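Visitor: Just dropping this structure here.
Since every read-out is calculated from the coordinates, none of them should be taken as a lab result. Everything numeric in this text was worked out from a predicted model, so none of it was measured. Every residue, glycine as well, gets a Cβ built from its backbone with ideal geometry; the counts of neighbours run over all protein chains shown.
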Amino acid sequence: MAHDHPVLAEATLRQLGDLRGLQVGTAIRASTLNASAPYGAIAAREFRSITPANEMKWASVEPVRGQHDWSGADATIAFARAHDQVVRGHTLVWHRQLPSWLTDGGFSGPQVLQLMTEHVVAEAGRYTGEIAAWDVVNEPFNEDGTFRTSIFEQASNGPDYIAAALHAARRADPAARLYLNDYNIEGINAKSTAMLNLATSLRQRGVPIDGVGIQAHVILGQVPSDFAENIGRFVAAGFEVCLTEIDVRIPLIAGEATPAQLAEQAADYARIIEAALAARGCVGVTVWGFTDLDSWIPRAFPGQGAADLLDANLSPKPAYFAMHRALAAAGWIDDPGLPANGI
Ligand code: XIL
């Protein structure tokens, strides 16, 4: 049980976030949940919001055309229900972790768009009422703010697939908040400006969009100084913002993070949380895994790691305490406007 970890601070991140109207969340992996009881206890205790790291991606839910496997997604939702948590659905349309029957199927553009829409309707429809927010489209941009070429972008000869996906998601689950999500849009730059322009133009055209997810995968020492200002641009334009995939990856020295690096990482986590708190309209902060035990970083970025709040033994690192302090320092607000969904 989590309370068998006396080193974790008494008030949880979840409680502190609730007081401030900020949903503190984590990605979780169903396989780690099965393997480690303490992992589940900490996920339940410290977090208000849960995002399945992989279990809702298209390759996971439809490995064979027409044959759905909802087991991982269902398990995530059952976990959240059992612990009064909300679920961020991740993700309906993304160029990665697609089933090979789709990518290798030789489908025409119209067929791909039809399959995409059917997928969105099947998945969002299955979980109607269970999902607080969907990352409807993930990572639609290149670094220079142009649209990423993908099977979907090619199918619609441009970005029209994004509007189609949002419309389909709204039809399937009218209650879920609908998000676009991307990385390297923490600071003010070509990519974040392109995201702001896209969201604004979609809304002007009557396409349903509620929010923008800023992934916030950052490199040690590289939290942009204009992070809060950038979040403020989206809020001022009328969008919810969530930091959806926070981690701070460390270039390891002889396979390990040094105490100085862990201290710098703690300061980075505090900066990220402070940026989120500075803008009303930032409704959630989700870490992309809470423990170095199951972080995606070492595989995606060889030589880097130790990116999360807890170490691989589930002991809190300086980053955990820094996030805790940043949330606690924010105090509380009288009407934090907690979501009805799941609470
Ligand atoms: C990652 C998962 O954490 C890994 O387990 C998986 O192997 C690859 O995908 N941006 C995203 C997430 O939007 O879906 C990715 O998750 C990390 C980068």
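Visitor: For a test of the definition: using alpha carbon positions, the gyration tensor, and the 1.5 limit on a/c, classify the range 106-203 as rounded, prolate or oblate.
Guide: Because a/c hits 1.5 or more and a/b fails to exceed b/c, the range 106-203 counts as oblate.
Visitor: Okay, helix-only estimate at 222 nm for the chain: each DSSP H run of n ≥ 4 adds -39500 (n - 2.57), divide by all residues, round to 500 deg cm²/dmol; what do you get?
Guide: Helix-only estimate at 222 nm: -12000 deg cm²/dmol.
Visitor: Please quote Rg/Rh for the range 50-179 to two decimal places, taking the Kirkwood radius as Rh and restricting both calculations to Cα atoms.
Guide: Rounded to two decimals, Rg/Rh equals 0.96.
Visitor: Moving on. What do the square roots of 5 times the Cα gyration tensor eigenvalues come to for the chain, in whole Å, largest first, as semi-axes of the equivalent ellipsoid?
Guide: 30, 22, 20
Visitor: I've got another one for you. Based on the mean of other Cβ atoms within 10 Å per residue, sort peptides 25-38, 249-262 so the most packed one is first.
Guide: Descending packing order for the listed peptides: 25-38, 249-262.
Visitor: In the range 157-290, what percentage of the DSSP-assigned beta bridges are antiparallel, given to the nearest 5?
Guide: Taking every DSSP beta bridge with both residues in the range 157-290, the antiparallel ones total about 5 percent.
Visitor: Quick one, can you get me the convex hull of the C-alpha atoms of the range 208-343 expressed as volume per residue in Å³?
Guide: Hull volume over Cα atoms, normalised by residue count, gives 131 Å³.
Visitor: With +1 on the Cβ of every Lys and Arg and -1 on the Cβ of every Asp and Glu, and nothing else charged, how large is the dipole of the range 224-343 about its Cα centre, in debye rounded to the nearest 20?
Guide: 60
Visitor: Give me the Kirkwood hydrodynamic radius of the range 1-125 in Å, from all C-alpha pairs, to one decimal place?
Guide: In the range 1-125 this quantity evaluates to 16.1 Å.
Visitor: Need one number: nm distance between label points at Ala329 and Ala82, each 7 Å from Cα along Cα→Cβ, rounded to one decimal.
Guide: 3.7
Visitor: Assign unit charges at the C-beta atoms only (+1 for Lys and Arg, -1 for Asp and Glu), then state the dipole size of the chain relative to its Cα centre in Debye, rounded to the nearest 20.
Guide: 440
Visitor: Right, something else. For the range 121-198, give the magnitude of the charge dipole about the Cα centre (Cβ charges: +1 Lys/Arg, -1 Asp/Glu; no others), in debye to the nearest 20.
Guide: 280
Visitor: Starting from the Cα gyration tensor of the range 260-302, take the square roots of the eigenvalues, sort them a ≥ b ≥ c, and report rounded, prolate or oblate (rounded when a/c is under 1.5, otherwise prolate if a/b is larger than b/c, else oblate).
Guide: It comes out oblate by the Cα gyration axes.
Visitor: Pull up the DSSP beta bridges for the chain and report the antiparallel fraction as a percent, rounded to 5.
Guide: Antiparallel bridges: around 15 percent, rounded to the nearest 5.
Visitor: Distance in nm between label sites at Glu118 and Arg65, each 7 Å beyond Cα in the beta-carbon direction?
Guide: 0.8
Visitor: Among Pro140, His119, Pro38, whose Cα lies farthest out toward the positive end of the dipole of the chain, if unit charges sit on the beta carbon of Lys, Arg (+1) and Asp, Glu (-1)?
Guide: Farthest along the dipole direction, towards plus: His119.
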